[in-house]
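The values are calculated or read from the model by the stated rules, or taken from the named source; none is laboratory data. Computed from a predicted model, the values in this text were never measured in an experiment. Neighbour counts run over all protein chains shown; Cβ positions are idealised from the backbone, glycine included. Side chains are part of the model used for accessible areas, which takes the heavy atoms of the whole protein and leaves out ligands, DNA and RNA. Shrake-Rupley method; radii C 1.70, N 1.55, O 1.52, S 1.80 Å.
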Amino acid sequence: QKVEHYEIASYGTIAALAKQLGYKDALPLLLETLQEEKATDEKLTILAKSGGNAKAVQAA
Ligand SMILES: [Fe+2]
């Protein structure tokens, strides 16, 4: 999940730069990827709150 947060920060920054620099072709894909990273982060939050991490530790 830490990696997802780095990815969200990175894609958010790159998307903002692309917008400011007028890179209109790149912007939609960057924003789409940013949304995918946010969705993954939300899924990992749900997993962590459901006790999934504790179950994984017990299984290891
Ligand atoms: Fe990711």
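FRET efficiency for the pair residue 25 and residue 5, taken as 1/(1 + (r/R0)^6) with r the Cβ-Cβ distance and R0 = 35 Å, rounds to 0.80.
Here the simple spin-label model places points 7 Å from the Cα toward Cβ, and for residue 58 and residue 33 these points are separated by 3.9 nm.
What's the carbon and sulfur percent of the chain's accessible surface, probe 1.4 angstrom, rounded to a whole number? Each step should come with its number before you reach the end.
On the way: 2900 of 4760 Å².
Answer for the chain is 61 percent, counting heavy atoms of protein chains only.
Over the chain, DSSP H runs of length four or greater, each weighted -39,500 (n - 2.57), average out per residue to a 222 nm ellipticity of -28500 deg cm²/dmol.
Rolling a 1.4 Å probe over the protein heavy atoms gives the chain an accessible area of 79 Å² per residue.
Number of Lys-Lys pairs in the chain with C-alpha atoms under 17 Å apart and a separation of 8 or more places or on different chains: 5. With K and R counted +1 and D and E -1, the other residues having a Cβ less than 12 Å from that of residue 4 yield a net charge of -2. Please give me the summed charge of the neighbours of residue 53: other residues whose Cβ is under 14 Å from its Cβ, Lys and Arg +1, Asp and Glu -1. Surrounding charge for residue 53 is +4.
What percent do you get for the relative contact order of the range 2-52 when only Cα pairs under 8 Å and 6+ apart count? Kindly include the intermediate steps, with their values, before the conclusion.
Numbers: 24 pairs, mean separation 22.2, N = 51.
RCO, the range 2-52: 44 percent.
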